[in-house]
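A short worksheet on the structure shown next.
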Amino acid sequence: MKKTDTKKLLKAAEKPSQDARRLHPFYKGKIEIVPKCRVRDFNDFAIWYSPGVASVCMDIHKNTEMVYEYTNKWNTVAVVSDGTRVLGLGDIGPEASMPVMEGKALLYKYLGGVDAFPVCLGTKDQQEIINTVKILQPSFGGVNLEDISQPKCFPILHTLRKECHIPVWHDDQQGTALVTLAGLINALKVVNKKISKIKIALVGAGSANICIARLIMLYGANPANVIMTDSKDTLHKGRTELKLSHPEKWAMCVDTNSLGIQGGAKSAMENADVVIALSTPGPDVIKKEWIKAMAKNPIVFVCANPVPEIWPWEAKDAGAAVVATGRSDFENQVNNSLGFPGVFRGTLDVRAKTITDSMCITAASELAACIADNKIKPNKILPTMDDWQLYPRVAAAVGIKAIKEKVADRKMSYDQLYNQAMAMIKRSRAITSDMMKKGFIKKAK
C-alpha cells in the first residue's frame, strides 16, 4: 500500500475520537427520561401518582409479579460498571466510565427498544458489587455487567447468575463471545474450513477471550487445537502459578493446547487457521510476519479497542483472507452491539430468569444466518447495525430457546416474539427520528 494511502486511512481512523470530544459536551449526555403515558392535563397526575397509584401499589403488594404488568421493570436494564476495565483504557474509574455506559444505554434503546440506565459504582470490591446488584433487583428486569476487571468479573457473574431472579449478563464475556462466534461461523464459510478441524490462536486471556474460547468449544472447536496466550506466555499445563490467582485461566491451561505449545502469540499463531485477538490496543501488537506464518487463507480477528492489534490493511498485506476488527469505521465489525440488544429484547419479553450459554449460541447462529450464504464475502461476514431487522430475529430466536430450556416465565410463539420486538424497535427509532426533525434533539454546529 502506498504511503499516502496509509496516512489517509490513519486520519480517517482518528476522526471518531475528534468528533466525540466535540459532540459529547454539546449534548451533555446521550440519554434522558421522557414520559411514555399521556398527560392530557394536570388531573392525570391523580392517576399516575397520588391518590390513584396507591391501588396499584397494593395490587403489587399482594402479588409481586404484577410489577411486570404495572411498571416499566419488564423493559428495564441496569448497565453496571466499576470502571476498572473500560474499553482498552484500563482502570479509569466509575466517572470516566459513564460515557461508555450511557452509550450502551443508547444502543439498548435504539437497537432493541430496551430502557437501560448507567449504574456506575464507587467501589471495586467484589462482594460489594454482588450485593449492590442483588439489592437493585426490584427496580430492573435485567442487569448488564460492563467493563469490570478480571479475575473478579468471573465470580461476580457466576454468583449473580446463580443467586439472582432476574437475568444477569456480562457483555464483555457473553456478548463479545456470541458476536465473535457469529463472525467465525461465516468467516469459515469464506475459506471453506470446518471449526472441528482448525487450529485457533487466542491472543489475550481476558474475560472476553476466555468466554470466546468456551463458547467456540461448545459450538464444536477441538479444545486440543485451541491455544490461548496472555502477556507472559501461552496457557499450558506448566503455568501452575495460575491455579489460585486465575482459576479461569488455569482451566484453559488444562483443557486446551494439548501439545503444550509455548512462546507467546508468535508461537500460538504459527500454522493457525484463525487468530482471535482481544489484547493490548495496537497497532503493531501483532506482527505481519506472524500472520504470514499462519495456515493458508488465515482468518484474523483483531478486536482491541480503540485501536486493533494490527491495522486491517496491514493484515491483508500479510495474507489474511478475512480480517475483522471491533471498529465501526472498518469492514467486518465484530461489535457487541450486534448481539446484546436482541438478546435482551427476547430475554425480557419471555421474562427469562437467566441467559444460558445455549441461548448465546442460538443468538450467534441466528446472527450469522442474517446473511445468506451466497451473500457472505471476505469483507461481509456479519451484518451491521444498519441491518436493523436482525434484532427482532435474534430476539425471537433467543426467546424461543429460553422457553425450550424452561428458564422463561412467559410462553410466546416465534411470531409473537418477532412482531413485538419489531414494533418496539421501530418505535424507538421513530421517536429518535421525530425528535431530531422537530428540533428537540438539536443539530450540532
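The values are calculated or read from the model by the stated rules, or taken from the named source; none is laboratory data. All figures in this text were calculated on a predicted structure; none of them were measured in a lab. Because the Cβ atoms are built from the backbone with ideal geometry, glycine has one as well, and the counts that use them run over all protein chains shown.
Restrict the check to segment 33-47 and report whether at least one residue is of a type outside the set (Lys, Arg), at pLDDT 85 or above and surrounded by 13 or more Cβ atoms within 10 Å (Cβ to Cβ). Yes, segment 33-47 contains a residue that is of a type outside the set (Lys, Arg), at pLDDT 85 or above and surrounded by 13 or more Cβ atoms within 10 Å (Cβ to Cβ). Considering (1) assigned to a loop (DSSP other than H, G, I, E, B); (2) in contact with a Gly (Cβ under 8 Å, 6 or more places away or on another chain), the lone condition that Pro383 does not fulfil carries the number (2).
For segment 179-187, check the following and say yes or no: at least one residue is over 27 Å from Lys375 (Cα atoms) and of a type outside the set (A, V, I, L, M). Steps first, answer last, please.
Let us first name the residues in segment 179-187 that are over 27 Å from Lys375 (Cα atoms), namely none.
No, segment 179-187 contains no residue that is over 27 Å from Lys375 (Cα atoms) and of a type outside the set (A, V, I, L, M).
Evaluating Thr4 against the criteria (1) more than 27 Å from the chain's Cα centre (by Cα); (2) modelled with pLDDT of 90 or more leaves one unmet condition, (2). In this structure, Gln137 does not satisfy being surrounded by fewer than 19 Cβ atoms within 10 Å (Cβ to Cβ) and more than 13 Å from Val80 (Cβ to Cβ). Being surrounded by 24 or more Cβ atoms within 10 Å (Cβ to Cβ), over 18 Å from Leu417 (Cα atoms) and not small (Gly, Ala, Ser): is that true of Thr325 here? Yes. Number of residues in segment 137-163 that are of a type outside the set (S, T, N, Q), touching a Ser or Thr at 6+ places or on another chain (Cβ under 8 Å) and closer than 20 Å to Arg351 by Cα: the value is 5. Taking segment 59-176 as the region of interest, the strands (runs of 3 or more DSSP E) fully inside it that hold 1 or more residues being touching a His at 6+ places or on another chain (Cβ under 7 Å) are 142-145. Restricting segment 273-303 to residues that are closer than 18 Å to Ser207 by Cβ and surrounded by fewer than 23 Cβ atoms within 10 Å (Cβ to Cβ), the residue that is modelled with the lowest pLDDT is Pro281. Listed conditions (1) over 26 Å from Arg429 (Cβ atoms); (2) touching a helix residue (DSSP H, G or I) at 6+ places or on another chain (Cβ under 6 Å); (3) at pLDDT 95 or above are all met by Ala116, apart from (1). Taking (1) crowded, with 24+ Cβ neighbours inside 10 Å; (2) free of Cβ contacts under 8 Å to residues at least 40 places away in the same chain; (3) of a type in the set (Lys, Arg) in turn, Lys316 satisfies each apart from (1).
Taking segment 177-199 as the range and being of a type in the set (A, V, I, L, M, F, W, C) and outside any helix (DSSP H, G or I) as the test, the residues that pass are Ile195, Ile198.
Hand me the list of helices (runs of 4 or more DSSP H) wholly inside segment 292-377 holding 1 or more residues that are within 21 Å of Ala105 (Cβ to Cβ).
Details: elements: 312-317, 340-349, 357-369.
Passing ranges, in order: 340-349, 357-369.
If you go through segment 357-376 and keep only what is at pLDDT below 95 and of a type in the set (Val, Ile, Thr), you end up with just Ile371.
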